[in-house]
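These notes are about the structure you will find just below.
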Amino acid sequence: MTMLNTCGSLKKQNCPCMEQCPLGQAIDIVGGKWKLRILCALKQDGTARYNELKRKVYGITNTMLASSLKELEGDGLVQREQYLEVPVRVEYTITKACNSLMPILEQLSKWAVTHKETKS
């Protein structure tokens, strides 16, 4: 399968923009095994604390959850709110940017179902 790059080139080696490809950047932001699961859990159930997310995203380790949340926060998809209480309470919620991403992910999900059905 051949796919055009943003500059219109068909070949990677001829494309000066591959390092700046918007699709590649988007995949870097939400790619990986856990990030989409975290975002979907927050979208579905709303604001959650760390341990709630850990329970909802079955199989994720503390290290992966912490690093994924930090990356998602850095990319502006998750907001971390820390309350000055004893013990400290931290809550995570999706941002407006993440809300604007959700319809795209829903379309991708529909495509995956259709693609799976046509393959069978």
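Tally time: how many residues in the stretch 82-98 are in contact (Cβ under 8 Å) with a residue 40 or more places away in the chain and part of a helix (DSSP H, G or I)?
Going through the stretch 82-98, the residues in contact (Cβ under 8 Å) with a residue 40 or more places away in the chain turn out to be 89-94, 98.
Cutting the leftovers down to part of a helix (DSSP H, G or I) gives us 98.
Here the count works out to 1.
For residue 107, the conditions (1) surrounded by 11 or more Cβ atoms within 10 Å (Cβ to Cβ); (2) part of a helix (DSSP H, G or I) are fulfilled apart from (1). Taking residue 87 as the residue in question, decide whether it is exposed (fewer than 11 other Cβ atoms within 10 Å of the Cβ), within 22 Å of residue 109 (Cβ to Cβ) and modelled with pLDDT under 95. Criteria not met by residue 87. Would you check which residues across the stretch 37-74 are aliphatic (A, V, I, L, M), assigned to a helix (DSSP H, G or I) and crowded, with 16+ Cβ neighbours inside 10 Å and list them? Listed by number, the residues that qualify are 38, 39, 41, 42, 53, 64, 65, 69, 72. Just so you know, in the stretch 41-81 the residues that are of a type in the set (A, V, I, L, M, F, W, C) and free of Cβ contacts under 8 Å to residues at least 24 places away in the same chain include one that is nearest to residue 96 (Cα to Cα), and it is 41. Cβ-Cβ distances below 7 Å connect the following pairs, each with a first residue in the stretch 26-39 that is under 13 Å from residue 74 (Cα atoms), a second residue that is hydroxyl-bearing (Ser, Thr, Tyr) and modelled with pLDDT of 95 or more, and a separation of six or more residues or different chains: 35/68.
The values are calculated or read from the model by the stated rules, or taken from the named source; none is laboratory data. Computed from a predicted structure; not experimentally measured. No Cβ is skipped: glycine too gets one built from the backbone with ideal geometry, and neighbour counts run over all protein chains shown.
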